[in-house]
């Protein structure tokens, strides 16, 4: 019998939440907090890439800018909202893990793919010379694995995940400030 309340630990093994990681921008930390709340509300045991995608669109203006002009954005948001009322129910009680990307660091409370995406986002920022990963780094990370739930949602909405990755890569290295 599964517990009525999904297991979402308050702290990881060293007593800190993943969103407290110094390698994450303030915006990305807010995204992770939002994804955690969404996972708990949806009765999911782990934060997965679809939770992260939904929170990225909700909290990060730089990520929303990647989708500017995409006519399918309303459909994408519709799929993400419907997740908790039926679309995502087949994902409950299952772990998001394609096995395609080895997960070096397991982060408690995250699916293996979501944990790997977080690490990839930090590596992407470091490669760019930034100390903090941003939302676009995480967006790029979650669209590279074809087995990711976020990729499935994007595809159902008619958005090509490869094109999203290319848009992120083509963006000039500039931040979009909230309210702009």
Residues of segment 144-168 being within 17 Å of residue 118 (Cα to Cα) and either at pLDDT 95 or above or not in a loop (DSSP other than H, G, I, E, B) (or both), in sequence order, are 149, 150, 151, 165, 168
Scanning segment 41-71 residue by residue, those closer than 28 Å to residue 172 by Cβ, at pLDDT below 85 and in contact with a helix residue (DSSP H, G or I) (Cβ under 9 Å, 6 or more places away or on another chain) turn out to be 70
The one condition residue 129 fails out of (1) farther than 17 Å from residue 169 by Cα; (2) surrounded by fewer than 20 Cβ atoms within 10 Å (Cβ to Cβ); (3) modelled with pLDDT of 80 or more is (1)
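The values are calculated or read from the model by the stated rules, or taken from the named source; none is laboratory data. The model shown is predicted, which means the values in this text are computed figures rather than measured ones. When we count neighbours, we look across all protein chains shown, and the Cβ atoms used for this are built from the backbone with ideal geometry, even at glycine.
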